[in-house]
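Values quoted throughout were computed directly from the atomic coordinates according to the rules given, and no laboratory measurement underlies them. Since we're looking at a predicted model, the values are computed, not measured. Positions of Cβ are generated from backbone atoms using ideal geometry, with glycine treated the same way; all protein chains shown enter the neighbour counts.
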Amino acid sequence: MIDKHYIVLIIGMGLVTYIPRWLPVAALSGRELPLWLRQWLDLIPAAILSALILPALLAGPTPGSLHFLQPKLLVALPTFGFALKTRSLGGTVIIGMLLYWLAEKLI
Amino acid sequence: MKHVLKQGFMAAWPICTGYIAIGLAFGVLAQQARISVAEIALMSVCVFAGSSQFIAVSMLSSGAGILAIITTTFMVNLRHLLMSSSLAIHLKGRRIMWLSAFAYGITDETFAVNLTKFQQNTWNPSNALAVNFISNLCWIGSTILGGYAGQFIPPGAFGIDYALIAMFLCLLVFQLRGNIFVAVAIIAGVLSVCFSLLIPGNSYVILASVTAAFVGVFLIRIKNQSTDGLSAEET
């Protein structure tokens with residue numbers, strides 16, 4: 001049995017999630033964009049990935065705190081090095097998981 | 001068709017590994033918050049956005065109102081605006097129906113994998129759509145499974161909760177295609193950490209990446225001016 005309020009919630013969440021995903025591909029694809037905008041969009045992936053990862057690696061157990069010597073950050077260094085050296089996505093995922101699993105066991 | 005699906009699987013498996021781990025965890029959490037398996041499935045199908053689904057469940061169990069949850073979801077998922085814009089360049093000539101189906105599957109993970117593949121010139125829009133839908137099915141399936149049986153799987157087994165972090169690290173490496181990109185990544189990372197401490201909620205990701213990318217465009221300008229208008233950085 002699904003609650004009526006829950007359905008309203010899900011429709012609302014679905015819409016506000018879908019619209020930002022939909023609007024740019026619907027409006028921008030097939031258009032010639034100015035040079036600065038193409039350069040800007042070209043830089044966005046590097047910026048977003050870094051902006052997503054770094055706070056996640058540094059975040060402490062409570063919101064608003066930073067932790068430097070924690071397994072997820074320490075494991076990130078060799079994992080990053082492995083990615084730089086091999087440029088293998090699958091390999092990096094496996095190495096990262098393995099190192100993290102070991103780090104959790106040891107620390 | 002078969003070929004497209006196979007290539008999709010080859011590209012999507014790191015995403016799926018991560019989604020299975022997080023999806024199971026989500027299912028368990030939602031079930032503990034007294035959300036039924038049918039409701040879990042409905043949310044995963046209609047929303048398909050990991051972090052905001054977690055936030056919604058925790059807000060629901062703390063008694064938050066519908067409007068507050070929807071507003072938070074909007075803020076958390078606004079970053080897809082940037083990802084969708086970056087992907088749009090590679091989706092020329094597709095019809096609106098196709099684009100609308102594609103847009104449904106844009107997440108942090110599918111965006112990062114598809115964009116990397118597009119940039120390597122080994123990808124076409126059909127491959128990208130396959131990655132989106134394979135990842136989507138994986139997410140829906142594992143959240144449902146988590147709702148049924150998640151409590152039997154020990155948390156953190158085999159370092160599985162590190163799968164997505166490792167994937168993002170490698171995708172970041174792929175994006176570092178020159179000094180400007182390295183500079184932008186460093187600026188974005190530092191800003192993001194600072195903003196995450198100062199600003200409540202998830203908008204720090206957008207603020208940090210937008211600012212860093214503008215600084216990057218500015219740096220390209222300065223560099224081109226100093227090399228007397230040689231448009232070496234036309235990317």
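Counting only DSSP H runs of at least 4 residues, each contributing -39500 (n - 2.57), and dividing by the residue count of chain B, the helix-based mean residue ellipticity at 222 nm comes to -25000 deg cm²/dmol. Along each principal axis, taking the top coordinate minus the bottom one, the Cα set of the protein assembly as shown gives 67, 51, 45 Å in descending order. What residue among A:Gly12, A:Gly64, A:Gly81 shows peak mean-square fluctuation when chain A is described by a Gaussian network model with Cα springs under 10 Å? Taking springs between Cα atoms under 10 Å, the residue moving most is A:Gly12.
Scanning residues 5 or more positions from A:Leu66 or on other chains, those with amide H under 5 Å from its amide H are A:Gly60, with H placed 1.01 Å from N in the peptide plane.
In summary, the lysines within cross-link reach of B:Lys6, defined as a Cα separation below 30 angstrom excluding same-chain residues under 8 places away, comprise A:Lys85, B:Lys92, B:Lys117.
Label sites at A:Val8 and A:Ala103, each approximated as a point 7 angstrom past Cα along Cα to Cβ, lie 4.5 nm apart. The calculated FRET efficiency for the pair B:Gln119 and A:Leu69, based on their C-beta separation and a Förster distance of 45 Å, comes to about 0.80.
In this structure, A:Glu32 and B:Leu5 have a Cβ-Cβ separation that, at R0 = 35 Å, corresponds to a calculated FRET efficiency of about 0.60. For the range B:2-175, a Kirkwood radius taken over Cα pairs fed into Stokes-Einstein (37 °C, viscosity 0.692 mPa s) yields D = 195 µm²/s. Take every Cα pair under 8 Å whose residues are at least 6 apart in sequence, average their separation, divide by the length of chain A, and the relative contact order is 16 percent.
For chain A, hydrophobic long helices are taken as DSSP H runs at least 24 Å long by C-alpha position along their axis with mean Kyte-Doolittle hydropathy of -1.0 or more; these are A:4-28, A:35-58, A:89-106. Highest mobility in the GNM of chain A, judged by mean-square fluctuation with C-alpha springs under 10 Å and restricted to A:Ala26, A:Ala46, A:Ala83, is found for A:Ala26. Computed over chain A, the per-residue total of -39500 (n - 2.57) for DSSP H runs of n ≥ 4 gives a 222 nm mean residue ellipticity of -27000 deg cm²/dmol, rounded to 500.
Taking the centroid of alpha carbons for each part, the range B:83-117 and the range B:153-213 are 20 Å apart. Hydrodynamic analysis of the range B:63-166 uses the Kirkwood radius over alpha carbon pairs. Inserted into Stokes-Einstein at 20 °C and 1.002 mPa s, it gives a translational diffusion coefficient of 134 µm²/s. Restricting the range B:1-36 to trypsin sites (Lys or Arg not before Pro) that sit in a DSSP loop and have at most 10 other Cβ atoms within 10 Å of their own Cβ leaves B:Arg34.
For the range A:46-107, which chymotrypsin sites (Phe, Trp or Tyr not before Pro) pass both filters: DSSP loop (anything but H, G, I, E, B) and at most 13 other C-beta atoms within 10 Å? Loop-located and lightly packed - A:Phe68. Note on chain A: GNM, Cα springs under 10 Å; of A:Pro34, A:Pro78, A:Pro20, the largest mean-square fluctuation is that of A:Pro20. Oblate is the label for chain A, because the ratio a/c of its alpha-carbon gyration tensor axes (a ≥ b ≥ c) is 1.5 or higher and a/b is not greater than b/c. Averaging the Cα positions of each part gives two centres, and for the range A:1-78 and the range B:31-71 these lie 18 Å apart.
Each Lys or Arg adds one and each Asp or Glu subtracts one; over the other residues with Cβ under 12 Å from the Cβ of A:Tyr100, this totals 0.
Shown for chain B: cysteine residues without a partner Cβ closer than 4.7 Å, namely B:Cys46, B:Cys170, B:Cys194.
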